[in-house]
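Quick notes on the structure that follows.
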Amino acid sequence: MTDQTATSAAPKGSVVDFIVKYGVLIVFAVLLVTFWFTAPGFASGSSLISIVQAQAAAGIAALGMTLTAIVGDLDLSVGATAGLSVTVAAMTMIQFNLTGGTAIIFCLIAGLIVGGINALLIVALKIPPLLATLGMMFTVAGLKRWLVQGQTLSSGMTLPDGTQARGRFTENFNAIDGSTFLGLPISVWIFAIIGLAVWVFLQKTRFGRVHYAVGGNPEAARLAGARVNRYRAGAYIASGVLASIAGIILASRIRQGDISAGDSSLLDAVAITLIGFAVLGAKRPNAFGTIVGALFLGTVLQGLTQLGLKYYTQDLIKGGVLLFALLMSFSLRRRARKPAAAAAAEEPPPDSRPGLSADAAEGAR
Amino acid sequence: MTDQTATSAAPKGSVVDFIVKYGVLIVFAVLLVTFWFTAPGFASGSSLISIVQAQAAAGIAALGMTLTAIVGDLDLSVGATAGLSVTVAAMTMIQFNLTGGTAIIFCLIAGLIVGGINALLIVALKIPPLLATLGMMFTVAGLKRWLVQGQTLSSGMTLPDGTQARGRFTENFNAIDGSTFLGLPISVWIFAIIGLAVWVFLQKTRFGRVHYAVGGNPEAARLAGARVNRYRAGAYIASGVLASIAGIILASRIRQGDISAGDSSLLDAVAITLIGFAVLGAKRPNAFGTIVGALFLGTVLQGLTQLGLKYYTQDLIKGGVLLFALLMSFSLRRRARKPAAAAAAEEPPPDSRPGLSADAAEGAR
Amino acid sequence: ESDSGGGSGSSPAAEAENDFTLPDAAPDGFKDGLRVAMVRQSGIGDYFEQWGNGATAQMEAAGVTVENYDARGDNAKQVQMLTDAINSEPDALIVGWGLADSVNPKIDEAIEKGIPVVVYDAAVTNSDALYLSQDDEAIATLILDELKTQNPDGGKIGYVNVSGIAPLDSRDKVYQQFLKDNPTFSEAAKFGKYTESVANDTAAEAVATFQANPDINIVFAAYDELAKGALIGLRQVGMADKVKMYGVDISTADIQLMTEPGSPWVATAATDPANVGKIVARAAIAAASGVDLPSKMTIPAALITQQMLLDNGVTNMDQLRAALPDLATPEYLGASWIPTSA
Amino acid sequence: MSTVLELRDVSKSFGPNRVLRGVSLAIDRGEVYALMGANGAGKSTLIKVLAGVHQADSGQVFIGGGPVAIADPLAAQRHGIATVHQNPNDGVVLDMTVAENLALDTFTDGRSGLVFNRAKTDRHAHEVAEVLGMDLSRSMLRRPVRDLGVSERQLLVLARALSRRPEILILDEPTSALSSEEADRLFDLVHQLADDGNTVLFVSHKLAELDKISNHLGVLRDGAMQGEFVKEAGASFDWPGVLRALFDRAPAELRHAEQRGGREVLQVSGAQVYADSQPLDLTIRDGEVTALLGLLGSGKTELLEWIFGAGGDLRGTVTLDGEPYSPTHPGEAIERGVYLVPESRHEQAIVPDWSITELMTLPFAKQFSSGPLMNRRKERTAAQGMIERIGVVTRSPDAPIETLSGGNQQKVVIGRWLLGTPKALLLDEPFRGVDINARHDIGESVRELTDRAAVLVATSDIDEALEIADRIVVISQGNIVGDFRLAEASRDAIFEAMSHRPSAILSDDAAALPTEPGESA
Ligand SMILES: Nc1ncnc2c1ncn2[C@@H]1O[C@H](COP(=O)(O)OP(=O)(O)OP(=O)(O)O)[C@@H](O)[C@H]1O
Ligand SMILES: Nc1ncnc2c1ncn2[C@@H]1O[C@H](COP(=O)(O)OP(=O)(O)OP(=O)(O)O)[C@@H](O)[C@H]1O
Ligand SMILES: [Mg+2]
Ligand SMILES: [Mg+2]
């Protein structure tokens, strides 16, 4: 759908339209090439792979956030949920000395529960999505620390009850981020598969179309016979589960408990999702854009690090690049004039999302 | 206006309506009383004052965020801007050895510039507010650290150019958070005055009326003669300036160029603003709600600390309280009838804000 | 020092060999174009900035190229960066802080690839790596002894610390023991908040806590960002004059706070982060040059009192180094063939 | 003939507001049942009950003789009911393409298979579009509906409803946004459906089209049936009777004496509406009402919005009372006394959740404030006065605007300009979805205004024009093609002039319903 509507922004084939559509991708390509020739160590397959690997967790969380952003609003609880699942994994394997498989199941259940509560709050209890997930963010972040009394669970440590933690992260669990399959880390495979799945779901299935319809105009979708609430609830539950998967990847990377894990994932996921708005001139959340956004961000970070820039210089540049990408895809639209009828009947979808408010702004001078 | 329309949510005088309207305030009152009798040291004027003082910075930032949330979207750059102004204050007084007055002026200018750029990006360049301010957040955060090479500026330190920083935070600058006037810290006075000003502006002046119109339906406001873009730009500029004032208070509290200052203000401000939605059943950003939200959060924090709860327990409870307040004000609305068109032709304001998307949700069930 | 959250796992069995010295003559391995990758988990506060600057300065002085990776407190990112660093095949690898179980697999991997590793303040298990650390037990003991001598007849302590962060946890152990051994001292309250801006957020808690416990007359803060927060709290509730504060770590910023008129911060135990960074750097250079290093060394800490700062008119780190020679230790892992930086 | 749809004693209240008070009616197979009612009579509510949007508080619905419970829109569909609601925007997703909007129902239909690529979507879209005989270019299929006009949106929704070949089709004021020729195409299809033995419930305010389409008419007033009327095909309903039933009083005199215009207030010269149209000159006097008559897309809105400083640049010049006048923003126009009542109330005039008072005083906030502070009492009294003057039906000036029915909302939107000091008042389609009585009330207050200001009414309905205007200017394709005094204005002459443009998305080949039920799915 995104690629279908993109063309509407400007007269077909115009330069403006081209840039609106490919702006981000072009910047991305330019950056890749630049780093390839300037950043020491960047020009290698392993380096490119580790870009994807680095973004796998945040990217998966962002994919969940994308699903919610379409039908509701950004899910602010993904970071906390990822962190929770790191803690759950650590408790399962280190504190209770259970297998990696069990840990994975517990993590997924944790994500399912958080997502379910979000869905309950938003769909059944009618709390505005942004508020509900913000509340859950605080609660889950608190819960995750409370579970371990703010301690870092690591094998051999003395537990609050005085006993010693016997267990440790199992080999097969560590393998998730540690081992490769066909030359690619398993975590990268997971990211790729989930990304593909979400993309197919949104772009190629009728459920995906309905999902967008529900986001675009719940009333219309409902009158067309869509079970609006199921889609909204589904999105938040999926987001919770995806966040917990992101947490599993983080855990298998950290290989022990870490109370601060996941905290940084939230802003990354938000940035990734929002960059996705600008990809292919979609101006709405979309799977392809989110995936590109993840790689885009990862490339910038990796390249700048390998150029030896200080973290604060990186933040500066990261922000600049983000703004630049935005300018390319949103600011050029003005010249593309809408037909008057559009102006006459201008009106946003009931559930207009942040990224879309630009249209409304355009309506009024 | 908010308090006027709140009644429309439910038949006048019904219990539901009462709770919808006063839910948060009731919880707030209950908490105050509970802490008053249970938390050691809470039951004292000085304790209450320090609640306000602790929230002054975040509260002022949240007031700016409220202005932007009405006509656009949450301003995500307030935290970074506050931090920037801490750094600017430190550089002015410590590095360049200038007076506190100069520092304040420079801080305000910094805020003005950031706000101006936000306004430019959003109004002139048509970037969706949330995206634009997110980009600015990264950029400004980077800039702030870059200015001081990630070091805390403190008098006596050796500057990059090898010379020694001679200056120090001046007495009158430190007085902002350090000294009291009529028994109240000056920072509290600043918060009170700004809060009052924003409230009067939004609720009592014709400009505030138009401001809400611009947020409610930009096109309708424009066709009623409102200079929509001026209001949108004004909001973001004001937000930048208010954030810098928040930064000034932080600076005079920390008395050093703490680079991490302000980073945590963002989420606090967001929480405060969103809690504000629920106050008096406004369901939209509003000054009074934001002020209550600030005190509400501060009280919870202070009370729990004095009850000796660890900070990870506090997050848990903070989140719970937030969710509870939300439930009270949003979930009870179902029984309360919505006005005709709201249900018939479900169409929230073109520029609908996160908090309002609940309406859309309700339209489709 | 800091957060970081180092590995609380069993720290190396090996005994510290602090008398180890480098060969007088430059080994053949010491040539131009050496590359050292420095991967820090790092954290919030000045300590890390000074530490990094010290290390970088020392290596550049010796003509070594530094590849700087800074995970800014994100453990997962640090692991990722270690992967990148190892891929770039440096002549030596510095690992600063980090969770034991997170970094150890990577350290082993590096050593298998023949990259010598110098670890600072992360519980390393591989005895082929050099484990350097400031001795947190020693630091805590040092400052608590001072606390005891300055308050012979005990007192009520406001304890500022957060759990889950290795160096802070090990200091906590010492503190808990101290409470057991000295019944005249009692803990009135514990607080401290670890967020993006520690000082400011801890301040709010400090205010609340001091109002709840006005009888506190001693404050012990486990690292300087926490100390800053407590200081703001004391100032705001006006208890600064009747409370003595003891902290850990030192920086120009801390010196200023300690020497402010009427500052309750009377003593701190610390190593000079820049100096520590330099030591780690020298170790890395030696390792890169093929010197065989021991598997554990600890860096001594010094006690810095408010009195001493005021007497010597110390206003910044440089002056402190001059006034307190123990802080700078050029001989420690130093050698004629390693040019030192200013 | 057997009864297909029957309502027995259906009631529905919204809070204190009893909207439906025991409505009963029965519709036979193959019948087109016309439902009339003043604004706020409860027509849309009745329809929403049938469509499963609202649940009746009491009463029963029978379909094919059996009692049914219509819990939600899906249930309604399962009973073979297809509904086109009053507001076309309830039926479309603005940010999805025309193709996707046409195919919306198939997306929610399990039988249509899981995978949906563009080709498949387009195929379904075409099947649906053919029903109304739309020819859709690829680029049209790709346009987001946001870029379409109200009428085009309405056509999409109609096509979707018709393509289902519902046994019971419900249309709520479907023609209010359509051009006459688009409407005719709709009537053909409705007749086809009925002839095939299906049933249609048709809501409208337009007498002429009800004569065309239906032989059985029910009148709803204040939520109760006020009587039913039957006529022979081709004949005409007993309108005086109907209107008496509509508003328990005889309707006001439709015709009025022509007034001669006075001063030239607004002079437009050299304005070019569309790239392919001629520059046009237009002079508007006070003392008379000028109607700008043209089909959808003839450029009325463009012209009005430009004069108001709200639209694009038509590269012409305007003088106001002889003075040069070129507003760059509506604000300037308002300061100069030029006011516009925009075309689509909901998107362009109403601020959600606002009270009548606040909405009325918005453009003149300054005059209702002392210094910067709003004067609540002053604005409330002013609003109260205006509510009485133009006869808005509401419980109080503080009532949220959305609790009013369409017609009353329109009165508020027009009345607020009378709070100012108008030199020229421009109204774009002021009578859309407004019942006859409200139309008269509005017409009167507008005509009263002519002694102080010039009035220009843009409309696409010739009857509206004849009813309100003293002078009728006909516009087509952005060109002025006729200028009549009311006296000399004959329908034929006007129709002649209005030579309509082909609708943006209707092709000329005749419409055809799918022969197989649900074929399009
Ligand atoms: N969801 C609702 N909540 C409260 N009141 C409502 C609601 N929907 C309709 N009403 C009220 O019910 C009455 C009838 O509304 P309805 O839309 O059915 O009238 P109508 O006959 O369709 O008028 P119009 O011809 O203008 O469309 C109006 O007074 C309206 O204010
Ligand atoms: N000749 C033309 N060239 C370009 N666009 C046209 C032309 N004719 C009509 N349109 C389009 O038709 C749509 C309707 O235009 P507009 O709203 O001004 O017509 P109108 O006379 O106001 O009709 P209505 O007010 O009944 O919708 C607009 O999108 C306009 O751009
Ligand atoms: Mg209706
Ligand atoms: Mg028009």
Margin query: Quick one: 3J(HN,Hα) in Hz for the range B:186-194, Karplus 6.51/-1.76/1.60 with θ = phi - 60°, rounded, Gly and Pro as x.
Written below: 4, 4, 5, 4, 4, 4, 4, 5, 4
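For every helix of n ≥ 4 consecutive DSSP H residues, a contribution of -39,500 (n - 2.57) applies; sum these over chain B, divide by its total residues, and give [θ] at 222 nm rounded to the nearest 500 deg cm²/dmol. It would help to have the intermediate numbers written out before the result.
On the way: 16 runs with 240 residues, N = 365.
Value at 222 nm, helices only, nearest 500: -21500 deg cm²/dmol.
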Check: Any idea how far the Cα center of the range D:449-501 sits from the one of the range B:110-163, in Å?
Finding: 59 Å
Notebook entry, point to check: D:R376 to C:A138: FRET efficiency via 1/(1 + (r/R0)^6), r the Cβ-Cβ distance, R0 56 Å, to the nearest 0.05?
Noted result: 0.20
Margin query: With angles folded into 0 to 90 degrees, how steeply does helix A:206-216 sit against the dominant principal axis of chain A? Use alpha carbons for both and round to 10.
Written below: 70 degrees
Next item on the list: Starting with the fewest neighbours, write out C:I218, D:I63 ranked by other beta-carbon atoms found within 10 Å of each beta-carbon.
Entry: D:I63, C:I218
Notebook entry, point to check: Which value, in debye to the nearest 20, describes the size of the charge dipole of chain D about its Cα centre when Lys and Arg Cβ atoms bear +1, Asp and Glu Cβ atoms bear -1, and nothing else is charged?
Noted result: 1460 debye
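Please work out the FRET efficiency for the pair B:T34 and C:K173, using the Cβ-Cβ distance as r and a Förster radius of 41 Å; give the result to the nearest 0.05.
Working: r = 36 Å, r/R0 = 0.88.
The pair B:T34/C:K173 has a calculated efficiency of 0.70.
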Checklist line | Residues of type lysines that D:K423 reaches as a straight line, Cα spacing below 26 Å, ignoring anything fewer than 8 places off in the same chain | finding: D:K300, D:K366, D:K378, D:K411
Next item on the list: Express in whole angstrom the spacing between the alpha-carbon centres of the range B:297-327 and the range D:362-403.
Entry: 44 Å
Note to self: Amide H of D:S11 versus every other amide H placed in the peptide plane: which residues, excluding those fewer than 5 positions away on the same chain, fall under 5 Å?
What the structure shows: D:G22, D:V23, D:D57, D:S58, D:G59
Next item on the list: Could you work out which residue, out of B:R284, B:R206, B:R168, moves most in a Gaussian network model of chain B, that is, has the largest mean-square fluctuation with Cα springs under 10 Å?
Entry: B:R206
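Provide D:S214, D:S2, D:S369 in ascending order of the number of other Cβ atoms located within 10 Å of each residue's Cβ, fewest first.
Numbers: D:S214 26, D:S2 8, D:S369 20.
Going from sparsest to densest Cβ surroundings: D:S2, D:S369, D:S214.
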Item checked: Phi-based couplings in Hz for the range B:274-291 (Karplus 6.51, -1.76, 1.60; Gly and Pro marked x) -> 5, 4, x, 3, 7, 6, 6, x, 5, 6, 8, x, 7, 4, 4, x, 4, 4
Note to self: 7 Å from Cα along Cα→Cβ at both C:S127 and D:T421: what's the point-to-point distance in nm?
What the structure shows: 9.9 nm
Notebook entry, point to check: Whole-Hz Karplus ³J(HN,Hα) for the range C:185-202, in order, using 6.51 cos²θ - 1.76 cosθ + 1.60 and θ = phi - 60°, x for Gly and Pro?
Noted result: 9, 10, 8, 7, 6, 10, 8, x, 10, 9, 9, 5, 10, 4, 3, 5, 6, 5
Note to self: Along the Cα→Cβ direction, 7 angstrom out, place labels at C:K180 and C:A26. What is the inter-label distance in nm?
What the structure shows: 5.3 nm
Notebook entry, point to check: If you put a point 7 Å past Cα along the Cβ direction, how far is that point for A:T102 from the same point in each other copy, in nm, smallest first?
Noted result: 6.7
Check: What dipole magnitude, in Debye to the nearest 20, does the protein assembly as shown give about its Cα centre under +1 on Lys/Arg Cβ and -1 on Asp/Glu Cβ?
Finding: 2460 debye
Notebook entry, point to check: For chain C, what does -39500 (n - 2.57) per DSSP helix run (n ≥ 4), summed and divided by total residues, give at 222 nm, in deg cm²/dmol to the nearest 500?
Noted result: -13000 deg cm²/dmol
Note to self: With 10 angstrom as the radius, rank B:D161, C:D135 by how many other C-beta atoms surround their C-beta, starting from the fewest.
What the structure shows: B:D161, C:D135
Margin query: Using a 7 Å offset from the Cα along the Cα-to-Cβ direction at both D:D9 and A:F181, what is the distance between the two label points in nm, to one decimal?
Written below: 6.7 nm
Check: So how tilted is helix C:75-87 from the main axis of chain C? Cα-based, degrees 0 to 90, rounded to 10.
Finding: 20 degrees
Item checked: Above-threshold pairs, the threshold being 26 Å between Cα atoms, out of A:K126/C:K193; C:K190/C:K278; A:K310/C:K278; B:K283/B:K310 -> A:K126/C:K193; C:K190/C:K278; B:K283/B:K310
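Which number comes out as Rg/Rh for chain D once both Rg and the Kirkwood Rh are worked out on C-alpha atoms?
Working: Rg = 23.5 Å, Rh = 24.3 Å.
Radius of gyration relative to Kirkwood radius: 0.97.
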Item checked: Computed [θ] at 222 nm, helices only, for chain D once each DSSP H run of length n ≥ 4 contributes -39500 (n - 2.57) -> -9000 deg cm²/dmol
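Label the range B:48-162 by shape, choosing from rounded, prolate and oblate, from the square roots a ≥ b ≥ c of the eigenvalues of the Cα gyration tensor; if a/c is under 1.5 it is rounded, and otherwise prolate applies when a/b is larger than b/c, oblate when it is not.
Numbers: a/c = 2.28, a/b = 1.45, b/c = 1.57.
Oblate.
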Checklist line | For chain A, with +1 on Lys and Arg beta carbons and -1 on Asp and Glu, the positive-most of A:A62, A:F138, A:A325 along the dipole | finding: A:A325
Notebook entry, point to check: Any idea what the B:R166 label distances to the other copies are, label 7 Å down the Cα→Cβ vector, nm, shortest first?
Noted result: 6.9
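What is the magnitude of the charge dipole of the range D:263-499 about its Cα centre, with +1 placed on the Cβ of each Lys and Arg, -1 on the Cβ of each Asp and Glu, and no other charges, expressed in debye to the nearest 20? Mind showing how you got there, number by number?
Working: 23 positive and 36 negative charges, 187 e Å.
So the magnitude is around 900 debye.
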Item checked: Calculated log₁₀ intensity ratio I(q)/I(0) where the Debye formula runs over C-alpha points of the protein assembly as shown, q = 0.04, 0.05, 0.06, 0.08 Å⁻¹ -> -0.29, -0.45, -0.63, -1.02
Next item on the list: Return the inverse of the average 1/r over all pairs of distinct C-alpha atoms in the range D:95-163, which is the Kirkwood hydrodynamic radius, in Å to one decimal.
Entry: 11.9 Å
Next item on the list: Indicate the gyration tensor shape class of chain B (rounded, prolate or oblate), computed on the Cα atoms with a ≥ b ≥ c the square roots of the eigenvalues: a/c under 1.5 is rounded; otherwise a/b larger than b/c is prolate and the rest oblate.
Entry: oblate
Check: Among C:229-239, C:302-312, C:198-208, what's the highest-first ranking by average C-beta atoms within 10 angstrom per residue?
Finding: C:198-208, C:229-239, C:302-312
Next item on the list: Take the alpha-carbon centre of the range B:173-240, take the same for the range C:83-143, and report the distance between them in whole Å.
Entry: 53 Å
Notebook entry, point to check: What does the charge count near D:T108 come to, summing +1 for each Lys or Arg and -1 for each Asp or Glu among other residues with Cβ under 10 Å from its Cβ?
Noted result: +2
Check: For D:R221, which sequence-distant residues (separation of 5 or more, or a different chain) have an amide H within less than 5 Å of its own amide H, given hydrogens modelled in the peptide plane?
Finding: D:Q226
Next item on the list: Return one number: the angle in degrees, 0 to 90 and rounded to the nearest 10, between the long axis of the Cα atoms of helix A:311-330 and the longest principal axis of the Cα atoms of chain A.
Entry: 30 degrees
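Go ahead and run the numbers for FRET between A:K204 and D:F62, Cβ-Cβ distance against an R0 of 41 Å, rounding to 0.05. Can you show the working numbers first?
Values: r = 43 Å, r/R0 = 1.04.
That gives a FRET efficiency of 0.45.
Readers should treat all values here as calculations from the given coordinates under stated rules, not as data from a laboratory. A quick note: this is a predicted structure, and the numbers were derived from the prediction, not measured. Here Cβ is always computed from backbone atoms with ideal geometry, including for glycine, and neighbour counts include all displayed protein chains.
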